[in-house]
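A short worksheet on the structure shown next.
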Amino acid sequence: MATSTRDQTAKKIPLLPLFSLVFFASIFFLLSLSRRTPVSPGSSQVKARLRSDLNCDYTDGSWVYDPDRSSAKYDSTCKEIFKGWNCIAGGKPNAADILKWRWQPKGCNLPPFDPVAFLETYRDSNIGKPVSVSNGVGHVEPFAEYRLRISLVCHSAGFVGDSLNRNMFVSLFCALRRVSIDVKKWRPAGADRGFTFLQYNLTIAYHRTNLLSRYGSWLADPKGGKLESLGYKEGYRVDVDIPDGTWVKAPSFHDILIFNTGHWWWAPSKFHPVKSPMLFYEKGLPIIPPIPPDVGLDIVLKHMIHYVEEKMRPGGIKFFRTQSPRHFEGGDWNEGGSCLRQQPLSSHQVQELFEVRNNGTNVESRLVNQHLLRAINGSSFHILDITHLSEFRADAHPANAGGKKHDDCMHWCLPGVPDTWIDLFILHLNGIKFRD
């Protein structure tokens, strides 16, 4: 009789709520584990791989055609892509083929960056603040100090430079935008473009500046002066020791900065040596005798690098990207030059087009790099070397896509080559973040 009573009691217990409780508890437990499992690289295995990866010379390699290569991290529908760079929408004949080429370094592989892992790695986690664990009497525990020493958690990255850095900025934005739709337009002081990924409290921005230093139109003073006495009537005043206002506050705001300059320094259509020369000033006074643009570039780089190192927020990471090559053939952009190739150049063609001794139309990239490498020597800047791998890609510029009046053989199609720059940038950034 007792056994029968227990059976009847068991049957009266409602099982559905019990199963539901167990089910949801299990789901909650699994989710909590997944949130505690780092998505970003941080394990000893990943650190070891980063050390191994960074021992590779990524500038030495070749482009390999892979017809089965998966699609880009974003597509031509990304609204941030400037119309002139959207080669798929613009009808460039080889626009789809551009994405089939993969950069293959000798002796290693360049891993594609994972947008989700990037957002997780650089999400707001005690952003720009000391990681502290109090014991109740105001003392910071050694574990917190250890975490602070080995870990730089960043919440803002700024691209500072000319429109080629915007090319790179857009590549990163479009890849992140595809995996995180909760985005708000927000521009830090002076920025031309800026977005915050709200779920991760991560901001990326682009600060447009042509020369890094401040410059503007200059007209001779009727009362005369040192430059006037030398016959100068008009030109552009370049203050070598004053940062452009578009990025002057960037070092104190961003945790990561990526700089570039160069294209405007070799731009006779803008800074004509006779009709509109660059006239350099230092400490508010003209440099006499006047100096040529290449010497001015050296002085500007020296002052700007010093300014950034002095103003950069503690723990900030600073990159200087090397020069992006142009591929004009048959003349410069205003001389009927074009870039209609359908596949990458051979090594021989690269040397013929870019060798400094040949003094060709596109020689600026290697010339600028010589000045840049001298300037950053001994500084805390990291070099992001994208020049040589990009020199092969004469096929990947917009050219006349979209009905342009002049071929654009300077900027890059998006999606396209700047996506590989981003792969390399993220690899180096993680290597710096997680090094011992």
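Here LYS433 meets each of (1) on the phi > 0 side of the Ramachandran plot; (2) touching a Leu at 6+ places or on another chain (Cβ under 9 Å) with one exception, condition (1).
Does LYS318 satisfy the condition of being exposed (fewer than 14 other Cβ atoms within 10 Å of the Cβ), in contact with a strand residue (DSSP E or B) (Cβ under 7 Å, 6 or more places away or on another chain) and in contact (Cβ under 8 Å) with a residue 24 or more places away in the chain? Even if it seems obvious, please write down each step before you answer.
Numbers: exposed (fewer than 14 other Cβ atoms within 10 Å of the Cβ): no; in contact with a strand residue (DSSP E or B) (Cβ under 7 Å, 6 or more places away or on another chain): yes; in contact (Cβ under 8 Å) with a residue 24 or more places away in the chain: yes.
Spelling it out, it is not the case that LYS318 is exposed (fewer than 14 other Cβ atoms within 10 Å of the Cβ), in contact with a strand residue (DSSP E or B) (Cβ under 7 Å, 6 or more places away or on another chain) and in contact (Cβ under 8 Å) with a residue 24 or more places away in the chain.
Only one of the numbered conditions (1) assigned to a helix (DSSP H, G or I); (2) free of Cβ contacts under 8 Å to residues at least 40 places away in the same chain is not met by GLY194, and that is (1).
Can you tell me how many residues within the range 250-269 are assigned to a loop (DSSP other than H, G, I, E, B), touching a residue at least 12 places away in the same chain (Cβ under 8 Å) and farther than 14 Å from GLY161 by Cα? I'd like the intermediate steps shown before the answer.
Step one: of the range 250-269, the residues assigned to a loop (DSSP other than H, G, I, E, B) are 254-255, 260-262, 267-269.
Now drop any that are not touching a residue at least 12 places away in the same chain (Cβ under 8 Å), which leaves 254-255, 260-262, 269.
Among the residues that remain, those that are also farther than 14 Å from GLY161 by Cα are: 254-255, 269.
Matching residues across the range 250-269 total 3.
Taken across the range 377-395, residues that are surrounded by 14 or more Cβ atoms within 10 Å (Cβ to Cβ), among the aromatic types (Phe, Trp, Tyr) and part of a loop (DSSP other than H, G, I, E, B) do occur, with at least one present. Restricting attention to the range 156-193, the residues that are surrounded by fewer than 23 Cβ atoms within 10 Å (Cβ to Cβ) and on the phi > 0 side of the Ramachandran plot add up to 1. The single residue among LYS318, LYS311 that is under 25 Å from PRO243 (Cα atoms) and out of contact with any Asp or Glu (no Cβ under 8 Å at 6 or more places or on another chain) turns out to be LYS311. Number of residues in the range 295-309 that are surrounded by fewer than 17 Cβ atoms within 10 Å (Cβ to Cβ) and either more than 25 Å from the chain's Cα centre (by Cα) or of a type in the set (Ser, Thr, Tyr) (or both) equals 1. If the condition is being acidic (Asp, Glu) and either more than 18 Å from GLU355 (Cβ to Cβ) or assigned to a loop (DSSP other than H, G, I, E, B) (or both), then the range 327-345 contributes ASP332, GLU335.
Going through the range 380-405 one residue at a time, which ones are polar (S, T, N, Q) and more than 19 Å from ILE98 (Cβ to Cβ)?
Residues of the range 380-405 that are polar (S, T, N, Q), as a first pass: 380, 387, 390, 400.
Matches in the range 380-405: SER380 only.
Has the range 100-118 got at least one residue that is more than 25 Å from ASP423 (Cα to Cα) and modelled with pLDDT of 90 or more? No, the range 100-118 contains no residue that is more than 25 Å from ASP423 (Cα to Cα) and modelled with pLDDT of 90 or more. Would you be able to say whether some residue in the range 207-222 is surrounded by fewer than 20 Cβ atoms within 10 Å (Cβ to Cβ), closer than 28 Å to ASN369 by Cβ and more than 21 Å from the chain's Cα centre (by Cα)? Checking the range 207-222: at least one residue is surrounded by fewer than 20 Cβ atoms within 10 Å (Cβ to Cβ), closer than 28 Å to ASN369 by Cβ and more than 21 Å from the chain's Cα centre (by Cα).
Among residues that are in contact with a Lys or Arg (Cβ under 6 Å, 6 or more places away or on another chain) and not small (Gly, Ala, Ser), PHE392 is not included. Residues in the range 292-323 that are in a loop (DSSP other than H, G, I, E, B), closer than 27 Å to GLY235 by Cα and in contact with a helix residue (DSSP H, G or I) (Cβ under 8 Å, 6 or more places away or on another chain): GLN323 only. Looking at PHE143, PHE82, just one residue is farther than 28 Å from PRO314 by Cβ and either out of contact with any helix residue (DSSP H, G or I) (no Cβ under 8 Å at 6 or more places or on another chain) or at pLDDT below 95 (or both), and that residue is PHE82. Under the condition of being part of a loop (DSSP other than H, G, I, E, B), in contact (Cβ under 8 Å) with a residue 12 or more places away in the chain and not hydroxyl-bearing (Ser, Thr, Tyr), the residues counted in the range 346-372 number 1.
If the condition is being crowded, with 21+ Cβ neighbours inside 10 Å, small (Gly, Ala, Ser) and either within 20 Å of ASP385 (Cα to Cα) or within 15 Å of the chain's Cα centre (by Cα) (or both), then the range 401-436 contributes only GLY416.
The values are calculated or read from the model by the stated rules, or taken from the named source; none is laboratory data. Just so you know, these numbers come straight off a predicted model, no measurement behind them. Positions of Cβ are backbone-derived with ideal geometry, glycine not excepted, and every protein chain shown enters the neighbour counts.
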